[in-house]
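> Have a look at the structure that comes next, please.
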Amino acid sequence: MLPTWTLPQDKNIGVQLMCLTLLLALTGCSGMDVIMASTKNVTALNGTEVKISCIFQSCYKMDPSVFVMNWTFQETKNDTEKMLMKFDKKKGMVPLRLDHFGDRVKFVGNLEKNDMSITLSEVEVKDEGYYHCNIINHPDRNAGRNNITLLVVLELSTPEDTTNAVAIGASVGGALALLILSMVVVKCLRHHKKQELISEEKMEEEEKLEAEVVTEEGTKQGYSLPEDA
């Protein structure tokens with residue numbers, strides 16, 4: 001089995017995912033967009049196996065008949081994206097044998113848990129670049145997309161450097177989780193406030209209509225033809 005080495009990332013993703021799940025449970029689902037939780041930068045040791053994570057949350061359960069997902073790769077931001085894996089409604093996640101990767105890309109996620117993570121074995125320096133996780137989970141309105149940068153190093157850092165990197169990574173991950181949480185909360189509050197305003201306006205219109213009906217009925221009942229003298 002190939003050795004695996006990356007800076008710790010699963011813990012930060014777990015914290016982000018927990019926050020997003022709790023938020024959706026508290027606010028309810030109202031046709032929100034796909035929300036992504038993922039590490040933006042991954043560092044791997046040359047010759048090892050690296051996990052590139054991608055997890056999403058949505059108000060809607062994944063329906064394989066309409067679900068769309070693929071992984072793409074760019075060596076540089078100026079290059080065209082090349083698809084290296086896609087979702088097939090009958091076969092599930094299907095790796096595409098690009099000459100660049102051969103059969104080194106494998107799906108290790110869990111579709112039932114909205115986990116689209118992959119691994120890349122026998123990592124080489126040429127694998128450095130940008131990996132994109134693209135998701136459309138109908139009937140969500142917009143697609144979800146994560147951009148993960150892979151950096152390949154030739155030797156391990158010293159324990160002191162690794163400790164500093166872990167501390168920095170944890171801080172950045174925590175800040176990112178809070179930022180995503182704040183953005184989603186603001187979006188939910190705006191949505192609910194809009195719904196409340198619409199409901200209030202509708203109630204006022206109904207009350208006004210009822211008042212007009214009562215007035216009209218009262219007028220009809222109070223009016224009678226004059227008696228003959």
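The values are calculated or read from the model by the stated rules, or taken from the named source; none is laboratory data. Here the structure is a predicted model, which means the values were calculated and not measured. Backbone-built Cβ (ideal geometry, glycine too); neighbour counts: all protein chains shown. The accessibility values were calculated without ligands, DNA or RNA, using every heavy atom of the protein model including side chains. Shrake-Rupley method; radii C 1.70, N 1.55, O 1.52, S 1.80 Å.
> Taking segment 43-52, which residues are closer than 20 Å to Arg145 by Cβ and either open to solvent by 10 Å² or more (accessible area, probe 1.4 Å) or at pLDDT below 95 (or both)? Let's see the steps before the verdict.
From segment 43-52, those closer than 20 Å to Arg145 by Cβ are 51-52; that's our starting set.
The one that is closer than 20 Å to Arg145 by Cβ and either open to solvent by 10 Å² or more (accessible area, probe 1.4 Å) or at pLDDT below 95 (or both): Lys51.
> Find all pairs meeting these conditions: Cβ atoms under 6 angstrom apart; at least six residues apart or on different chains; first residue within segment 40-63 and within 15 Å of Asn134 (Cβ to Cβ); second residue modelled with pLDDT of 90 or more and of a type in the set (Asp, Glu).
Ile55/Asp115
> Could you tell me how many of the residues in segment 84-133 are open to solvent by 70 Å² or more (accessible area, probe 1.4 Å) and outside any loop (DSSP other than H, G, I, E, B)?
6
> Would you tally the residues in segment 61-83 being among the aliphatic types (A, V, I, L, M) and buried (at least 16 other Cβ atoms within 10 Å of the Cβ)? Walk me through it before giving the result.
First pass over segment 61-83, keeping only residues among the aliphatic types (A, V, I, L, M): 62, 66, 68-69, 83.
Those left that are additionally buried (at least 16 other Cβ atoms within 10 Å of the Cβ): 62, 69.
Residues meeting the conditions: 2.
> Please count how many residues of segment 135-148 are among the polar types (S, T, N, Q), under 19 Å from Cys59 (Cβ atoms) and not in a loop (DSSP other than H, G, I, E, B). Steps first, please.
Filtering segment 135-148 for residues among the polar types (S, T, N, Q) gives 137, 142, 146-147.
Imposing the further condition that a residue be under 19 Å from Cys59 (Cβ atoms) reduces the set to 137, 142, 146.
So of that shortlist, the ones also not in a loop (DSSP other than H, G, I, E, B) come out as 146.
Selection size over segment 135-148: 1.
Yes/no matrix, rows are residues, columns are (1) modelled with pLDDT under 70; (2) over 19 Å from Cys54 (Cβ atoms):
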position: Leu96; (1), (2): no, no
position: Lys113; (1), (2): no, no
position: Leu120; (1), (2): no, no
position: Asn137; (1), (2): no, no
position: Arg145; (1), (2): no, no
position: Ile148; (1), (2): no, no
position: Leu156; (1), (2): no, yes
position: Asp161; (1), (2): yes, yes
